[in-house]
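Student: Just dropping this structure here.
The values are calculated or read from the model by the stated rules, or taken from the named source; none is laboratory data. As the structure is a computational prediction, the values presented were derived from the model and not from experiment. When we count neighbours, we look across all protein chains shown, and the Cβ atoms used for this are built from the backbone with ideal geometry, even at glycine. These accessible areas exclude ligands, DNA and RNA; they are computed on the full protein's heavy atoms, side chains included. Shrake-Rupley method; radii C 1.70, N 1.55, O 1.52, S 1.80 Å.
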Number of protein chains: 2
Amino acid sequence: MKTELNEDVRKALSAVSDRQLSHIFLVACGGSLSIMHPGKYLLDRHALTLTSDVYNADEFICRRPRQLGEKALVILCSQTGTTKETAAAARFAREAGATTIAMTLDPKSPLASAAEVVVAYQAHYTTGAKIDAANSNYAVLYMLLSGLLAQRGDVDLVPQLLPSLSNLQHAIDKAKAFYEPSFDRYADRYRDRPVIYTTAAGANYGAAYSYAICVLMEMQWINSQAIHANEFFHGPFEVVDRSACFIALLGCDGTRRIEERARDFLLRFGDRDNVMVLDAAELDLSGLEQPFRGLFAPLIFFDVLWVFAYRLAAMRGQAMLEGRRYMKKITDY
Amino acid sequence: MKTELNEDVRKALSAVSDRQLSHIFLVACGGSLSIMHPGKYLLDRHALTLTSDVYNADEFICRRPRQLGEKALVILCSQTGTTKETAAAARFAREAGATTIAMTLDPKSPLASAAEVVVAYQAHYTTGAKIDAANSNYAVLYMLLSGLLAQRGDVDLVPQLLPSLSNLQHAIDKAKAFYEPSFDRYADRYRDRPVIYTTAAGANYGAAYSYAICVLMEMQWINSQAIHANEFFHGPFEVVDRSACFIALLGCDGTRRIEERARDFLLRFGDRDNVMVLDAAELDLSGLEQPFRGLFAPLIFFDVLWVFAYRLAAMRGQAMLEGRRYMKKITDY
């Protein structure tokens, strides 16, 4: 059983312990940006002395927020640490006098060099290595944010976080086993569709976003959009007909009823065979304590859907990570 | 020439003048939510004593941010004032002790009744009435936010705003006349496409979002997504081929270079005939003063694209506002 936060995280917390901080910027691009959304959800629910913003790294630089200064903490993330915009954002933030913490797989990467403090995490997507999700990007981000909130006296969620981390990988493995039998059926149905939408709210929105833009669009060239499950009713739902394909996420944070309403509409006006529902209520999450049950739901969904992506890719005959025409193939854009 | 802020705005500012405020929540749904994004852009760039968040109304309620309390100002918007989630958000915020200001066409609507202070604006989309854009949702929101920033001593942008408002409708009319000749050509090309994407950054993102979800998806049942112009390079750009259809917005705020980069990529790897570029640099915006040149660009784009939507609808044989299967036709969802 995990009894303390990761060493990198403790060092980072110690490095900032005497700093007067009032605002956190969560800054990244693409898939790494997607985890910042549930990070902000955690902060919105629990932070008293800290306000926060989530920004794409280049937007952050160009926007040049007036709150960026000595009282700002900027947490940046890039898997490889080579994302140019994110490394540039770290330099930009440091020049503005802010405290910078970089999350990356590679402590020697350009992002790591650009930031003041580095917190390493692990990933299985790109490397294929088997990891414990307790060391994943989500886990490390929540350790960092929970540690900060405890340090600032806002709330101490660490006692709920540590056991949740210990039980996380098991919950993910069980969720994969639960959904896997249905994947071939859906992959066969979804393989030739021109568009697959995802819906989610609250802590799950980032996972829906990442799946839409980094998996469906980037790796499978399938048109997509992550639709916020209430915004759905203010425009997007008009595209729903019996042929429209959706992946609907239902988590277990405070926004669950928003996600339920979208699911109910999809099952009523769409075709049930074209609406794949991933519902945290069907899973055994008993080892996770609130609020982390809700906050880790998107990681569980994303890991589960990663398996689905490979199934879909196999049926479409388009390899996953190799299925790119521009990213890492052309460099002068 | 406009010499003072609208009476409603002045009354609202007067009502909150002695309140200690630290955080602004910008809350709405769909098209009304879209204007809150440039509102936040204005605040991010210029606010010193006020931090801010933008939320879909039901997300706001379910999320129940810890910053929501007596020092919070919640600005809500709903065109008709009948959007249930937004009226509920106003009640929720008042119960939490926050100050609430409602923006709506109808000062007798449920939203107006729910909020403490009401600021009316005008719109031509739903009513067809000819209005002066100086009284539009964008204009009234900027008056409110600029007035607040001046009142708090953060910065006084009112001297730049007032002449900009006086010249706004003329700038819109000229922009429409400039783009209109190209619309039939693009409408004919785009009429049967399964997906049309929009791209934008900074102050323009909201307009790209609203066009994607409220016009293309809601009124024309065309699949879409508003892609942030830098996020574009972290996944979505992989769907680009010669047949992919885009509407690319290029404004004149600090994020312009992000939008230029997306446009350059689209023109290089897509088909120029399938990439409609709306570029503020081509327009005569000389009557608008910065930062409002950049902040009004999205309104100009949206009004221009509204004309394009009718052209597209005519060619597709699908009427605009009548082209809905669910919204205002079914009520029990």
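Student: Nearest 10 degrees is fine. How inclined is helix A:292-316 to the longest principal axis of chain A, computing both from alpha carbons?
Tutor: For helix A:292-316, the angle is close to 50 degrees.
Student: Here is a further query. Between B:Thr82 and B:Ala15, what is the label-point separation in nm under the 7 Å Cα-to-beta-carbon projection?
Tutor: Here the modelled spin labels are 2.3 nm apart.
Student: Give the nm distances, rounded to one decimal, from A:Val307 to the matching residue in every other copy, measuring between label points 7 Å along Cα toward the beta carbon; shortest first.
Tutor: 5.4
Student: Turning to a different aspect of this structure: To the nearest µm²/s, what D does Stokes-Einstein give for the stretch A:7-156 at 4 °C and 1.567 mPa s, using the Kirkwood radius over alpha carbon pairs as Rh?
Tutor: Using the Kirkwood radius from Cα pairs, D works out to 87 µm²/s.
Student: Now a separate question. Using a 1.4 Å probe on the protein chains only, how many percent of the accessible area of the protein assembly as shown belongs to carbon and sulfur?
Tutor: 49
Student: Once the whole set of protein chains is in place, how much accessible area is left on A:Ser113, using a 1.4 Å probe, in Å² to the nearest 10?
Tutor: Roughly 90 Å² of A:Ser113 is accessible to a 1.4 Å probe.
Student: Taking each label point as 7 Å beyond Cα in the direction of the beta carbon, state the distances from A:Lys328 to the same residue in the other copies, shortest first, in nm.
Tutor: Label-point separations across copies, in nm and ascending: 4.9.
Student: Among B:Asn137, B:Asn204, B:Asn167, which one moves the most in a GNM of chain B with springs linking Cα atoms closer than 10 Å?
Tutor: B:Asn167
Student: Next question. Expressed as an acute angle from 0 to 90° and rounded to the nearest 10, what is the orientation of the C-alpha long axis of helix A:7-16 relative to the principal long axis of chain A?
Tutor: 50
Student: How many angstrom lie between the C-alpha centres of the stretch A:60-81 and the stretch B:261-295?
Tutor: 26
Student: Another one. Restricting to DSSP H runs of at least four residues, report the calculated mean residue ellipticity at 222 nm for chain A, -39500 (n - 2.57) per run over all residues, nearest 500 deg cm²/dmol.
Tutor: The helix-only estimate for chain A comes to -13500 deg cm²/dmol at 222 nm.
Student: Considering chain B as a Gaussian network with a 10 Å cut-off on Cα pairs, which listed residue, B:Arg91, B:Arg19, B:Arg256, attains the greatest mean-square fluctuation?
Tutor: Fluctuation is largest for B:Arg19.
Student: How high is the FRET efficiency between A:Phe178 and A:Tyr333 when r is their beta carbon distance and R₀ equals 35 Å, given to the nearest 0.05? Don't jump to the answer; show the numbers that get you there.
Tutor: Details: r = 41 Å, r/R0 = 1.17.
Computed FRET efficiency for A:Phe178 and A:Tyr333 comes out at 0.30.
Student: Now for a different question. Using Cα atoms only, what is the angle between the long axis of helix A:84-95 and the major principal axis of chain A, expressed in degrees (0 to 90) to the nearest 10?
Tutor: Computed tilt is about 30 degrees.
Student: Okay, moving on. Give me the one-decimal nm value for the distance between modelled label points at A:Arg193 and A:Ser166, 7 Å along each residue's Cα-to-Cβ direction.
Tutor: It is 4.1 nm.
Student: Now for a separate question. Where in chain A is the longest stretch that carries no GluC sites (Glu not before Pro) classed as loop by DSSP and with at most 11 other Cβ atoms within 10 Å?
Tutor: A:5-321
Student: In addition: In chain B, what % of DSSP beta bridges are antiparallel (nearest 5)? Walk me through the numbers before you get to the answer.
Tutor: Working: 0 of 34 bridges.
Beta bridges within chain B, antiparallel portion: roughly 0 percent.
Student: Something else: Sort A:Lys328, A:Lys176 from largest to smallest accessible area, using a 1.4 Å probe on the heavy atoms of the protein chains.
Tutor: Largest accessible area first, the residues go A:Lys328, A:Lys176.
Student: Still on this structure: State the antiparallel share, in %, of DSSP beta bridges confined to the stretch A:7-156, rounding to the nearest 5. Provide the component values of the computation, followed by the final result.
Tutor: Numbers: 0 of 21 bridges.
In the stretch A:7-156, DSSP labels about 0 percent of beta bridges as antiparallel.
Student: Right, next: Once you order the gyration tensor axes a ≥ b ≥ c over the Cα atoms, which shape class does the stretch B:254-329 get: rounded for a/c under 1.5, otherwise prolate or oblate by comparing a/b with b/c? Provide the component values of the computation, followed by the final result.
Tutor: On the way: a/c = 2.41, a/b = 1.43, b/c = 1.69.
Because a/c hits 1.5 or more and a/b fails to exceed b/c, the stretch B:254-329 counts as oblate.
Student: Next question. Could you grab the relative contact order for the stretch B:7-156? Cα pairs under 8 Å, six or more apart, rounded to a whole percent.
Tutor: 24
Student: When all alpha-carbon pairs of chain B are counted, what percent fall beyond 25 Å?
Tutor: Working: 27747 of 55278 pairs.
When every Cα pair of chain B is considered, 50 percent fall beyond 25 Å.
Student: How much accessible surface does B:His37 have with a 1.4 Å probe, in Å² rounded to 10?
Tutor: Only protein atoms counted, so the area is about 50 Å².
Student: Have a look at A:Arg263, A:Arg66, A:Arg311 and tell me which one the Gaussian network model of chain A (Cα, springs below 10 Å) gives the largest fluctuation.
Tutor: Result for chain A, Cα springs under 10 Å: A:Arg66 fluctuates most.
Student: Still on this model: Under the rule a/c < 1.5 gives rounded, and otherwise a/b versus b/c splits prolate from oblate, where does the stretch A:163-316 land using the Cα gyration tensor?
Tutor: oblate
Student: Same structure again: Across all directions of projection, what mean area in square nanometres is found for the Cα convex hull of the protein assembly as shown?
Tutor: Projected over every direction and averaged, the Cα hull of the protein assembly as shown covers 26.1 nm².
Student: Given a cut-off of under 8 Å on Cα pairs at least six residues apart, what relative contact order in percent is computed for chain B? Please list the in-between numbers first.
Tutor: Numbers: 619 pairs, mean separation 54.8, N = 333.
Once normalised by length, the contact order is 16 percent.
Student: Amide H neighbours of B:Tyr121 under 5 Å, counting only residues 5+ apart in sequence or on other chains, H built in-plane at 1.01 Å?
Tutor: B:Thr104, B:Leu105
Student: Note down the nm distance, to one decimal, between modelled labels 7 Å out along Cα→Cβ at A:Arg185 and at A:Arg91.
Tutor: Going by the 7 Å Cα→Cβ label model, 5.3 nm.
Student: Would you mind listing the distances between the B:Ser17 label point and the same position in each other copy? Use 7 Å along Cα-to-C-beta, nm, one decimal, shortest first.
Tutor: Result for B:Ser17, in nm, nearest copy first: 4.8.
Student: Also, quick follow-up: Show which lysines lie in cross-link reach of A:Lys329 when reach means a straight Cα distance below 30 angstrom and same-chain residues fewer than eight apart are skipped.
Tutor: List returned: A:Lys84, A:Lys108, A:Lys130.
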